Every structure is written in C-alpha cells, then in structure tokens.
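Asks: First the structure, then my questions, so here it is.
The values are calculated or read from the model by the stated rules, or taken from the named source; none is laboratory data. Treat the numbers as computed from the prediction; the structure is a model and nothing was measured. Here the Cβ positions follow ideal geometry from the backbone for every residue, glycine too, while neighbour counts run over all protein chains shown. For the accessible areas, the whole protein counts, side chains as well, though only heavy atoms, and no ligand, DNA or RNA atoms are used. Shrake-Rupley method; radii C 1.70, N 1.55, O 1.52, S 1.80 Å.
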Amino acid sequence: MRPRLVDWTLFALATFAAGSGFGAWVLLDAQAVPVIVVHAVAGLALLIPLAWKFRRVQPRVARAGAWDWKTPLSILTAMAAVGSVFSGVFWTHAQAPVGYPNGMHLHIVFGIALMMLLGCHVVLRFRRPMRRDLPGRRDALRWLGMLGLGALVLPAQRAINDALKLPGAHRRFTGSRGAGDDTGPAMPVTNWMFDRPAPVDMAMWRLLVRGAVERPLTLRLSDLLQDHQAATLRATLDCTGGWHSTQDWRGARVGDLLDRASLRPEARFVSFVSVTGYRWSLPLAEARRALLATHYEDAPLEHWHGAPLRLVAPGRRGFVWVKWVREVVVLTEPDPGQWIAIFTSGFNEVSDG
Ligand SMILES: Nc1nc2c(c(=O)[nH]1)N[C@H]1C(S)=C(S)[C@@H](COP(=O)(O)O)O[C@H]1N2
Ligand SMILES: [Mo]
C-alpha cells in the first residue's frame with residue numbers, strides 16, 4: 001500500500017476507534033453493544049497498518065542524523081497508538097474487577113493522548129493526497145483483510161479468556177467485571193472526578209422539583225419516604241471505570257414526582273442536580289421510568305452511595321447515576337452545560353439543604 005494511503009488508513013482507524021470508544025460510553029446499553037464490537041475491530045485492525053508504517057520509518061528513526069524536531073513527537077504518537085491497542089487487549093484479558101487506576105483508565109488515558117498527538121502529527125506532517133495515492137482494488141482487499149483480522153480476533157479473545165480462566169472471562173458486554181450483586185452498602189464506591197461532599201444534613205435537605213412544571217415541589221426526606229416508597233427497580237450500575245453491580249433499588253419513581261408537579265407541555269428533558277453541582281439529564285420518557293432511590297437491598301443508602309437520594313438510570317452507564325440529588329429540573333431543551341458540570345463539580349462549594 002502506498003505510504004500516504006497507509007497514513008490515511010491509520011488516521012481513519014484511530015479516529016474511528018476513538019469516536020466509537022466515546023460512543024460506547026455515552027450511548028444507551030442496547031445501542032452501545034454493536035458500537036463496542038466495531039470499536040474493538042477497528043482497534044485491532046490498527047495493528048496492521050501500524051506495522052507497515054513502522055517498517056517504513058524504521059531506517060529514518062534508527063539514524064540519529066535523520067531526526068528533526070518533529071521526530072520525538074512522532075515517536076510519542078506511535079507509543080500512544082501501540083499503548084491504546086495493548087491497554088485495550090490487556091483490559092480484555094487481565095486484571096480483577098475494581099481498583100484505581102485499572103486497565104480501563106489506562107486505555108482511556110492512552111486514547112485521549114493518541115487523539116491529541118495525532119492531531120499535532122497531522123498538522124505537522126500533512127501531505128496533500130495525490131492522484132496516485134487513490135486506493136485501487138488491491139487496497140480495498142487489504143482493508144477488508146485488516147477488518148477481517150480484527151473481527152477474527154474477537155472470538156479468539158473470548159476463547160482464550162475461557163480456556164485460561166483469565167479475569168476477563170466474566171465480562172459484561174461493556175467489558176466491566178462483576179463486583180458482586182445484591183450487596184447494598186458493600187457495593188463499590190466511585191466518583192467521576194473530584195466530588196467529595198460532606199454527609200448531607202438530612203434535616204436541612206430538601207428535594208426541589210422545578211423548571212417546566214405547573215406546581216414546583218419542595219419535599220422533605222420524610223415527605224418522600226411517606227408518599228413515594230412504593231417503587232422498586234432492579235438495575236445494574238456499570239461504571240466506565242470497569243465494574244458492574246446489580247441491586248434492588250427502592251425509592252420514588254421520577255414519573256410520579258413529575259405527575260405531582262404537573263408537567264408543562266413544552267417539557268422535553270429532566271436534569272438531576274447533585275448538591276455538588278454535578279448534573280446529568282435524560283429525555284423525558286426515559287426519565288419518567290427512572291428511580292430516585294433512598295434504599296438498596298432494604299438498607300438506607302450510605303453517604304458515599306449518594307444519601308439521601310440518588311438517580312437509578314437503567315441502561316445508562318454509572319456516570320449518569322447522579323448521587324446526592326437535590327434538584328429535579330424539567331428542561332425544554334438539552335443541557336450542554338452538563339458536560340462541563342461533571343468535570344468541575346468537585347470544585348464547587350457545597351452547602352446543605
Ligand atoms: N454527584 C455525583 N454523582 C455521581 C458521581 C460523582 O462523581 N458525583 N460519579 C458517578 C459515577 S462515575 C459512578 S460509576 C457512580 C458510582 O456510584 P457508587 O459510588 O454508588 O458506586 O456514581 C455516579 N454519580
Ligand atoms: Mo463511573
């Protein structure tokens with residue numbers, strides 16, 4: 001394959017792998033299943049053009065006299081690419097469920113580094129595609145071969161995990177490992193970034209239901225426990241960091257709270273806001289089916305699991321399950337600011353009630 005075509009193939013596979021990796025995490029579980037498969041195929045396929053490229057540039061890199069100031073950056077880019085693939089493979093096979101940092105964190109760090117370095121690499125080394133670089137029939141066959149190899153490796157990985165009884169044998173489709181089910185307070189604790197609020201003062205705490213509603217609500221914990229305890233939901237928390245755990249949750253159905261507050265017709269999304277400022281939103285229909293839990297496995301929520309109230313969002317990755325919820329805000333349009341809030345909430349001053 002012509003050098004330039006190899007380079008563009010690498011670029012396409014790497015950006016596709018990064019995009020699908022990101023998609024796997026923000027999509028609903030059902031949509032994420034195929035995305036995770038193509039993510040793995042693209043990532044594994046990357047190894048072939050990488051090998052071609054290494055063979056091509058090897059003489060230049062081996063001769064110190066041939067270096068220019070861009071060479072170290074290129075080497076870092078190559079290391080990030082290899083690291084991304086191998087950390088993904090490592091996480092597929094090795095390592096026990098919980099722990100920080102784990103192979104999944106490593107994979108994410110490599111992936112983000114690769115995207116940043118690749119951006120620089122393209123800017124510094126960009127060459128306009130020439131007519132003679134256009135792919136021919138044999139190139140199309142090579143592409144098929146690359147993807148085919150990636151697709152063949154997937155079942156092989158599963159077989160290796162099972163045969164060797166590796167830690168990766170018991171994986172959910174997200175790659176997450178079981179961290180015990182029906183364990184209530186013994187469930188692992190994870191925070192997305194830096195949220196570490198002091199325990200919420202239950203006497204001062206109020207739940208506000210506001211936004212596009214006719215009758216905003218202010219509820220005490222005792223009101224909530226009295227009027228909204230009927231709902232139970234068995235659901236799996238699956239953290240992007242690589243563990244999952246299923247519990248029987250109990251609390252208030254969001255739909256019941258919204259009915260009580262009476263939605264205005266323009267309501268579209270529902271945002272769940274933590275005492276820390278952390279927030280995330282769901283489309284209205286999905287939000288109605290979600291639960292604001294006060295209990296798991298008949299035990300009241302513990303502080304680090306979000307007491308007194310946390311969101312249970314079935315089919316959504318763990319980062320959506322907002323803890324220490326204080327406000328339910330009905331929105332008429334999406335909330336792009338939530339993407340910033342989940343990174344900065346740990347720096348907010350936290351107040352009770
Ligand atoms: N307010 C708030 N809610 C949060 C987080 C956070 O950092 N702040 N982390 C999320 C992430 S990434 C996960 S996986 C789950 C973990 O819930 P747990 O600690 O109860 O296991 O909480 C979610 N809810
Ligand atoms: Mo998470």
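Asks: Look through segment 169-203, keep the residues that are within 16 Å of ligand 2 (Cβ to nearest atom) and out of contact with any strand residue (DSSP E or B) (no Cβ under 9 Å at 6 or more places or on another chain), and return whichever of them is farthest from residue 93 (Cα to Cα).
Replies: So, considering only residues that are within 16 Å of ligand 2 (Cβ to nearest atom) and out of contact with any strand residue (DSSP E or B) (no Cβ under 9 Å at 6 or more places or on another chain), the one farthest from residue 93 (Cα to Cα) is 196.
Asks: What residue, among those in segment 1-31 that are out of contact with any Lys or Arg (no Cβ under 6 Å at 6 or more places or on another chain) and among the β-branched types (Val, Ile, Thr), is surrounded by the most Cβ atoms within 10 Å (Cβ to Cβ)?
Replies: Within segment 1-31, the match that is surrounded by the most Cβ atoms within 10 Å (Cβ to Cβ) is 9.
Asks: Are any of the residues in segment 55-75 under 23 Å from residue 141 (Cα atoms) and either part of a helix (DSSP H, G or I) or touching a Leu at 6+ places or on another chain (Cβ under 9 Å) (or both)?
Replies: yes
Asks: Name every residue in segment 250-271 that is buried (at least 22 other Cβ atoms within 10 Å of the Cβ) and under 22 Å from residue 25 (Cβ atoms), in order of residue number.
Replies: Of everything in segment 250-271, just one residue is buried (at least 22 other Cβ atoms within 10 Å of the Cβ) and under 22 Å from residue 25 (Cβ atoms), namely 270.
Asks: Is at least one residue of segment 184-197 more than 16 Å from ligand 1 (Cβ to nearest atom), of a type outside the set (S, T, N, Q) and open to solvent by 80 Å² or more (accessible area, probe 1.4 Å)?
Replies: no
Asks: Please specify each residue of segment 181-226 satisfying the condition of being in a loop (DSSP other than H, G, I, E, B) and of a type in the set (D, E, K, R).
Replies: 181, 182, 195, 196, 201, 214, 215
Asks: What's the number of the condition residue 138 fails, among (1) within 29 Å of residue 344 (Cβ to Cβ); (2) surrounded by fewer than 14 Cβ atoms within 10 Å (Cβ to Cβ)?
Replies: (1)
Asks: Pairs under 7 Å by beta carbon, first residue closer than 14 Å to residue 236 by Cβ in segment 179-194, partner away from ligand 2 (no atom under 16 Å from the Cβ), six or more apart or different chains?
Replies: 180/186; 182/248; 182/297
Asks: Can you confirm whether segment 320-334 contains a residue that is without any contact (Cβ under 8 Å) to a residue 12 or more places away in the chain and closer than 17 Å to residue 250 by Cβ?
Replies: Within segment 320-334, none of the residues are without any contact (Cβ under 8 Å) to a residue 12 or more places away in the chain and closer than 17 Å to residue 250 by Cβ.
Asks: Quick check on my filter: what residues within segment 283-301 are surrounded by fewer than 21 Cβ atoms within 10 Å (Cβ to Cβ) and touching a residue at least 12 places away in the same chain (Cβ under 8 Å)?
Replies: 283, 284, 286, 288, 289, 295, 297, 298, 299 - these are the residues of segment 283-301 that are surrounded by fewer than 21 Cβ atoms within 10 Å (Cβ to Cβ) and touching a residue at least 12 places away in the same chain (Cβ under 8 Å).
Asks: Anything in segment 208-226 that is in contact (Cβ under 8 Å) with a residue 12 or more places away in the chain and open to solvent by 10 Å² or more (accessible area, probe 1.4 Å)? List them, or say none.
Replies: 208, 210, 211, 214, 215, 216, 217, 218, 220, 221, 225
Asks: Between 87, 74, which is under 30 Å from residue 181 (Cα atoms) and outside the structural domain of residue 244 (by TED's automatic domain parsing)?
Replies: Criteria check complete, one pass: 87.
Asks: Now, a different point. Output yes when any residue across segment 332-353 is modelled with pLDDT of 95 or more, surrounded by 16 or more Cβ atoms within 10 Å (Cβ to Cβ) and part of a strand (DSSP E or B), and no when none is.
Replies: No, that holds for no residue.
Asks: Here is a follow-up. From the set of residues in segment 307-316 that are in contact (Cβ under 8 Å) with a residue 24 or more places away in the chain and not hydrophobic (A, V, I, L, M, F, W, C), which is farthest from residue 239 (Cα to Cα)?
Replies: Restricting to residues being in contact (Cβ under 8 Å) with a residue 24 or more places away in the chain and not hydrophobic (A, V, I, L, M, F, W, C), the top hit is 308.
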